[in-house]
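A short write-up of the structure that comes next.
The values are calculated or read from the model by the stated rules, or taken from the named source; none is laboratory data. Since this is a predicted model, take the numbers as computed values, not measurements. Here the Cβ positions follow ideal geometry from the backbone for every residue, glycine too, while neighbour counts run over all protein chains shown. Note: areas computed on protein heavy atoms with side chains; ligands, DNA, RNA excluded. Shrake-Rupley method; radii C 1.70, N 1.55, O 1.52, S 1.80 Å.
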Amino acid sequence: MKKISTVILGLVMCSTLKAQTTSDAIDARVKDLLSKMTLEEKVGQMTQISIEAFQKKIDGKVLDPHQIDEAKLAEAIQKYKVGSILNVGGNAQTQQNWQNRIRIIQKYALKERLKIPVLYGVDAIRGNNYTRDAVMFPQEIAQAASFNPALAKRGAEITAYETRASFTPWTFSPVLDLGRQPLWPRIWETYGEDPYLCTMMGKAVVEGLQGDKLVTDKYHVAACLKHYMGYSMPLSGHDRTPAWIPERELREYFLPAFAAAVKAGAKTVMVNSAEINGTPVHANKHILTDILKDELQFKGFAVSDWQDIEYLFQRHHVAKDNKEAVAMAINAGIDMSMVPLDYTFVEALIADVKEGKVPMSRIDDAVSRILRVKYEVGLFENPTGNAKDYPLFNSPAHNKANYDMAAECITLLKNNGAILPLAQGKKILVTGPTANTMRSLNGGWSRTWQGETSDEFEKGKNTILEAIQNTFGAANVDYTEGAAFEKTTAVDEAVSKAAKADVIVLCLGETSYTENPGNIDDLNISPSQIELAKALAKTGKPIVLVLAEGRPRIVSAVEPLASAVLHSYFLGNEGGNVIANALAGKINPSGRLPYTYPRYANSLHNYYHKYTETKLYDEVAGFNPQWEFGSGLSYTTFKYSNLKLSSKTLTATGGLNISVDVTNTGKVAGKEAVLLYVSDLVASVTPEVKRLRGFDKISLNPGETKTVQFTISTSDLSFINTELKRATEPGEFKLQIGDLTENFSL
Ligand code: BGC
């Protein structure tokens, strides 16, 4: 009897659980909850406040470890019904402190009459970087260089796990902005300039963060696609300044990655803080509602970026006051406001609704979307978490995954006379401003917003210098900084030490930054670094240039002085080890540039530029970058052969099968990113010289050959026509893999 009832109970529980996890079941729960809510409760759900508003202070100074000022928290939840909290408000906190704070927050939320848990969101960018000791992977731009979405997915899974370990169910990641404006201080937060690469990486990362179930388990989090859309192309290159992007280009280049990630189930979207074509995106109904919610059928919610609704009147001057700004943004399609520090949004929105300026239907839609995500991250079932569930936080396995990823990102751009790898026993001078600082490995969003504390917080990790000492033996390695970013510090000392060395490892680049503080007026690498390089070159000792930087700073004055160039982007906490092991040949570099590396500060092109921008028609200053998109060498050599197409004609309904043999013709094992480009030879909208339409990453032992296969269909050849429709036009196409080409027609 007992046995039977247990079975029946089990069945009932199973079916209830299943019922709760289907989309329809969640809709029903949302509808039911919404029907019980007052206007004030609804507006509260649409409000997101920064934890900074509730931090305990003594004499105006925030306590560290952070503590919650419970009176202020109670006011937020009881009086203003706040439904979401974000951020860290200063230094990263321990996992335990995060868990405690989330417990306190949920305790207050669950005391409310409807018991709706708070949705906590955090910038867990390529790792749960606001929690101390959480693994910090390479930044997105470096991950893109791996051309390996499976690795990025694994990194996202670990990020999700370690974020949940802090009881946080929502990360403001991935950035799906297209990284094609090299001055922009957030280009390193992107997957680079190519829409296809960005799409493939973004999709993999959303899957890694969210898992494959509608309701995430305790190891996954909701993703937030940002910054929808067109944020990354400011004309001036400065953050949050105007962009002019015609809708055809928006749809051709900027939209596809967001569209694919929405299709992959991304639960939330954060909105572009800037303006496009004279309209701030926070006030752009066409982009937020027509395209995102109607056309792409996005079912999640759109959160504003930091203070951006208020900025509609404070900065953009399109609204006369906060009330008008709030109505404008909510009517355009924003569902949640990252206010972030006061309750002006709550008051303004309630007034707007009462005055009929925002319809109740819009409020209900926004709140339903937010509640749905709360159900979908399992918050109602488990608003906090169980600390014991996360034994792998900062584990050897997670750190190894970080190393393995960084090892596939590092990109070898030059290696004259096979100077690399360096033999053991060589006397090495390590110099330059990026050589002995974790800031130039991690960049921004590293325990703090600007990453300025990396040297303090990542003490246990190796800088480039420390790792080179470990790998080559401290007795073989000498060091002097030589130059800081803004001034030379020890050029003479560097020169005299170089005289005693066999080789100079010159580490140049940038320190950490993001957003506005990262704005620059000159893409050239700083003069002090050029001065150091020139002085060292005069010694006649070979120079290996290691770049550690968030954006492609112009190095045309330095590159000719170097025998080898190794690009490390912002490679993360394992960056030092990976650079040293790549110098020593323990890692064979296989990264490829995810952007075009410019040669001149005023000549910025993408690889998918137009024919009129080539040397063919612009003989003097046509496309001539320092290194092209996709550049990347190896310590071995690869030969491409047997490019075969299943047909010379692609039909509207069929697919074209393409195969190519790749052979490792060198002496060491290596990985190769095989890139497939297609050129549309004639089209009604000027075609790009070439577009990436497929890629695959393979490993080959010396002498080994693998056949790589691709299939393309007409949709892979499509473009946005002048009617803003995706179209494919018949005609001739050229396909290129490695140094092989083949034409086919449609
Ligand atoms: C950034 C976002 C970030 C948000 C919350 C903003 O300033 O633009 O990328 O997610 O702050 O920290």
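Does residue 351 satisfy being surrounded by fewer than 24 Cβ atoms within 10 Å (Cβ to Cβ), modelled with pLDDT of 95 or more, more than 16 Å from the ligand (Cβ to nearest atom) and part of a helix (DSSP H, G or I)? Judged against the criteria, residue 351 is a match. Filtered by the rule that a residue be open to solvent by less than 40 Å² (accessible area, probe 1.4 Å) and either β-branched (Val, Ile, Thr) or more than 16 Å from the ligand (Cβ to nearest atom) (or both), segment 279-295 gives 281, 283, 284, 287, 288, 289, 291, 292, 293. The residues of segment 442-459 that are part of a helix (DSSP H, G or I) and among the charged types (D, E, K, R), listed by number, are 455, 456.
Here 439, 369 are screened, and the one residue that is crowded, with 19+ Cβ neighbours inside 10 Å, among the charged types (D, E, K, R) and under 30 Å from residue 108 (Cβ atoms) is 369.
No other residue among 78, 95 is open to solvent by 40 Å² or more (accessible area, probe 1.4 Å), touching a residue at least 24 places away in the same chain (Cβ under 8 Å) and touching a helix residue (DSSP H, G or I) at 6+ places or on another chain (Cβ under 9 Å) apart from 78. Of the residues examined, residue 109 is not one that is small (Gly, Ala, Ser), in contact with a Cys (Cβ under 6 Å, 6 or more places away or on another chain) and in a helix (DSSP H, G or I). Looking across segment 192-205, the residues that are away from the ligand (no atom under 16 Å from the Cβ), of a type outside the set (Phe, Trp, Tyr) and assigned to a helix (DSSP H, G or I) come down to 195, 197, 198, 199, 200, 201, 203, 204. Counting only strands (runs of 3 or more DSSP E) that fall entirely inside segment 499-568 and contain at least 2 residues that are within 19 Å of residue 481 (Cβ to Cβ) and of a type in the set (A, V, I, L, M, F, W, C), the qualifying elements are 503-509, 543-548. Against the test of being over 22 Å from residue 173 (Cβ atoms) and among the basic types (Lys, Arg), the options 461, 426 yield a single qualifying residue, 426. From the list 9, 17, 33, 63, the one residue that fits, being of a type outside the set (Ser, Thr, Tyr) and at pLDDT 95 or above, is 33.
Every condition in (1) more than 31 Å from the chain's Cα centre (by Cα); (2) at pLDDT 95 or above; (3) surrounded by fewer than 17 Cβ atoms within 10 Å (Cβ to Cβ) holds for residue 724 except the one numbered (1).
Restricting attention to segment 123-155, the residues that are within 12 Å of the chain's Cα centre (by Cα) and within 16 Å of the ligand (Cβ to nearest atom) total 8.
Every listed requirement among (1) touching a residue at least 40 places away in the same chain (Cβ under 8 Å); (2) at positive phi; (3) more than 15 Å from the ligand (Cβ to nearest atom) is met by residue 230 save one, (3). Considering segment 107-122, the residues that are within 21 Å of residue 55 (Cα to Cα) and open to solvent by 10 Å² or more (accessible area, probe 1.4 Å) include one that is nearest to the ligand (Cβ to nearest atom), namely 108.
Inclusion of residue 153 among residues that are closer than 28 Å to residue 596 by Cβ, surrounded by fewer than 24 Cβ atoms within 10 Å (Cβ to Cβ) and basic (Lys, Arg) is warranted. Can you tell me which residue within segment 319-328, out of those that are among the hydrophobic types (A, V, I, L, M, F, W, C) and over 23 Å from residue 53 (Cα atoms), is farthest from the ligand (Cβ to nearest atom)? Ranking the candidates gives 327 first. For residue 449, the test of being open to solvent by 60 Å² or more (accessible area, probe 1.4 Å) and either within 16 Å of the ligand (Cβ to nearest atom) or under 22 Å from residue 536 (Cβ atoms) (or both) is passed.
Go through segment 209-227 residue by residue and tally those that are open to solvent by 20 Å² or more (accessible area, probe 1.4 Å) and within 15 Å of the ligand (Cβ to nearest atom). The qualifying residues number 0. So, in segment 126-149, exactly how many residues are assigned to a helix (DSSP H, G or I) and in contact with a strand residue (DSSP E or B) (Cβ under 8 Å, 6 or more places away or on another chain)? Going through segment 126-149 one residue at a time, the tally reaches 2. The set of residues in segment 162-191 that are buried (at least 24 other Cβ atoms within 10 Å of the Cβ) and away from the ligand (no atom under 16 Å from the Cβ) comprises 162, 164, 165, 167, 180.
As a summary of the residue check, residue 567 satisfies the conditions (1) within 28 Å of residue 526 (Cα to Cα); (2) open to solvent by 20 Å² or more (accessible area, probe 1.4 Å); (3) at pLDDT 95 or above except for the one numbered (2).
The residues on offer are 723, 704, 732, and the sole one that is more than 30 Å from residue 665 (Cα to Cα) and in contact with a Ser or Thr (Cβ under 8 Å, 6 or more places away or on another chain) is 732. Residue pairs whose Cβ atoms lie under 6 Å apart, sitting 6 or more positions apart in sequence or on different chains, and linking a residue in segment 700-712 that is farther than 19 Å from residue 651 by Cα to a partner that is open to solvent by less than 60 Å² (accessible area, probe 1.4 Å) and not in a strand (DSSP E or B), are 701/669.
Step by step: first the residues of segment 512-526, then only those that are more than 16 Å from the ligand (Cβ to nearest atom) and open to solvent by less than 40 Å² (accessible area, probe 1.4 Å), then the one that is nearest to residue 305 (Cα to Cα). Which residue is that? If we take residues in segment 512-526 being more than 16 Å from the ligand (Cβ to nearest atom) and open to solvent by less than 40 Å² (accessible area, probe 1.4 Å), then 520 is nearest to residue 305 (Cα to Cα). Would you check if residue 310 is over 16 Å from residue 176 (Cα atoms), open to solvent by less than 50 Å² (accessible area, probe 1.4 Å), without any contact (Cβ under 8 Å) to a residue 40 or more places away in the chain and charged (D, E, K, R)? Against the criterion (over 16 Å from residue 176 (Cα atoms), open to solvent by less than 50 Å² (accessible area, probe 1.4 Å), without any contact (Cβ under 8 Å) to a residue 40 or more places away in the chain and charged (D, E, K, R)), residue 310 qualifies. Give me the residue from segment 233-268 that is open to solvent by 10 Å² or more (accessible area, probe 1.4 Å) and among the polar types (S, T, N, Q) and, out of that set, farthest from the ligand (Cβ to nearest atom). Result: 236.
Would you point out the residue of segment 469-498, among those that are in a strand (DSSP E or B) and open to solvent by less than 30 Å² (accessible area, probe 1.4 Å), that is farthest from residue 585 (Cα to Cα)? Applying the filter and picking the extreme gives 483. For residue 271, the stated conditions hold: it is touching a residue at least 12 places away in the same chain (Cβ under 8 Å), in contact with a Phe, Trp or Tyr (Cβ under 6 Å, 6 or more places away or on another chain) and among the aliphatic types (A, V, I, L, M).
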